[in-house]
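Chemist: What follows is a single structure, and I will ask about it in a moment.
The values are calculated or read from the model by the stated rules, or taken from the named source; none is laboratory data. It should be emphasised that the depicted structure is a prediction, and the values quoted were computed from it without experimental measurement. All Cβ positions, even for glycine, are placed from backbone atoms using ideal geometry, and neighbour counts span all protein chains on display.
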There are 2 protein chains.
Amino acid sequence: MQEERSYKDKKVISIGTVSELTGLSVRQIRYYEERQLISPERSSKGTRKYSFSDVERLMNIADLREEGVQTTEILKDIRKKEEKSKNPAQLRKKMLQGQLNAHFQYKHNG
Amino acid sequence: MQEERSYKDKKVISIGTVSELTGLSVRQIRYYEERQLISPERSSKGTRKYSFSDVERLMNIADLREEGVQTTEILKDIRKKEEKSKNPAQLRKKMLQGQLNAHFQYKHNG
DNA sequence: CGTGTAAGGAATTCTGACACG
DNA sequence: CGTGTAAGGAATTCTGACACG
């Protein structure tokens, strides 16, 4: 419905609410922005506004940080993922490759 | 995907942002709550939180108010609509009736 | 590197109330 | 009835910085 997508990406949530939603401190959320892991928008008065997508991404970041992954590494991961989603042809190719791998593995094991 | 639905109904937007999104004043938004046209949640510290659904409803309310419809009437409208969406069988019946009406009207006019 | 905290200021939100109509 | 506004207080958000490690 296209409308649904816009809800997920619309930046309307303030940092305090994001903090509650993710369990991260306000300080952490601002720091991840400094490291370019997220890019909130600014409201007319300068307060940060986040989308549900941002919240999800922050939860991923939180998980990775708990595993000890540094923000620099996380940034690389994010860039890889974005590259993929911007190149559907390449994505399909990789998925096909995955299926082929699974296929041959099945034959070998069977 | 079920997830999408949750974005639309999750109450995370503060009143100032809702005001920007709808063009209504903060005073108006609070008043419509007093008249039971909307029911935001309260955050841990007592601030009102709205969902995208609430924002949409407020835009409808704004349109009706501009036409001069009083809040009491708007409340009735809302209750009617909610009744319908809670009774799918009745809803289908009404839609069928609508189709029948359109059919006969067509025959008469043609 | 990643995060806590105190600092000072600006803007938000809340409630109850008075005003106008 | 519907909405604006001033009032006083509490909580939020912002930035730049110092601290620890």
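Chemist: Does A:Ser19 fit the bill of being more than 11 Å from the chain's Cα centre (by Cα) and without any contact (Cβ under 8 Å) to a residue 24 or more places away in the chain?
Modeler: yes
Chemist: Pairs, please: C-beta under 8 Å, at least 6 apart or cross-chain, first residue modelled with pLDDT under 75 and assigned to a loop (DSSP other than H, G, I, E, B) and in the stretch A:77-89, second surrounded by 12 or more Cβ atoms within 10 Å (Cβ to Cβ) and among the charged types (D, E, K, R)?
Modeler: none
Chemist: Just give me the residues in the stretch A:44-69 being modelled with pLDDT of 95 or more and within 13 Å of DNA strand D (Cβ to nearest atom), in sequence order.
Modeler: A:Thr47, A:Arg48, A:Lys49, A:Tyr50, A:Asp54 - these are the residues of the stretch A:44-69 that are modelled with pLDDT of 95 or more and within 13 Å of DNA strand D (Cβ to nearest atom).
Chemist: Taking only the stretch A:13-42 into account, find how many residues are more than 8 Å from DNA strand C (Cβ to nearest atom) and under 23 Å from B:Phe52 (Cα atoms).
Modeler: So the answer is 15.
Chemist: Condition first: more than 9 Å from DNA strand C (Cβ to nearest atom), exposed (fewer than 14 other Cβ atoms within 10 Å of the Cβ) and not in a helix (DSSP H, G or I). Can you find one or more residues in the stretch B:43-57 that meet it?
Modeler: yes
Chemist: Exactly one condition in (1) part of a helix (DSSP H, G or I); (2) farther than 19 Å from A:Ser43 by Cβ is false for B:Leu21; which is it?
Modeler: Only one criterion in (1) part of a helix (DSSP H, G or I); (2) farther than 19 Å from A:Ser43 by Cβ is unmet by B:Leu21, namely (2).
Chemist: Hey, any hits in the stretch B:74-87 for a residue that's out of contact with any Phe, Trp or Tyr (no Cβ under 7 Å at 6 or more places or on another chain) and within 29 Å of A:Ser44 (Cα to Cα)?
Modeler: no
Chemist: If you don't mind, there's one more thing I want to ask. Among the residues of the stretch A:23-69, which ones are within 13 Å of chain B (Cβ to nearest Cβ) and either touching a residue at least 40 places away in the same chain (Cβ under 8 Å) or of a type in the set (Asp, Glu) (or both)?
Modeler: Residues satisfying the conditions are A:Glu41, A:Ser51, A:Phe52, A:Ser53, A:Asp54, A:Val55, A:Glu56.
Chemist: Out of all the residues in the stretch A:63-72, which are assigned to a helix (DSSP H, G or I) and near DNA strand C (Cβ under 8 Å from one of its atoms)?
Modeler: Within the stretch A:63-72, A:Arg65, A:Thr71, A:Thr72 qualify.
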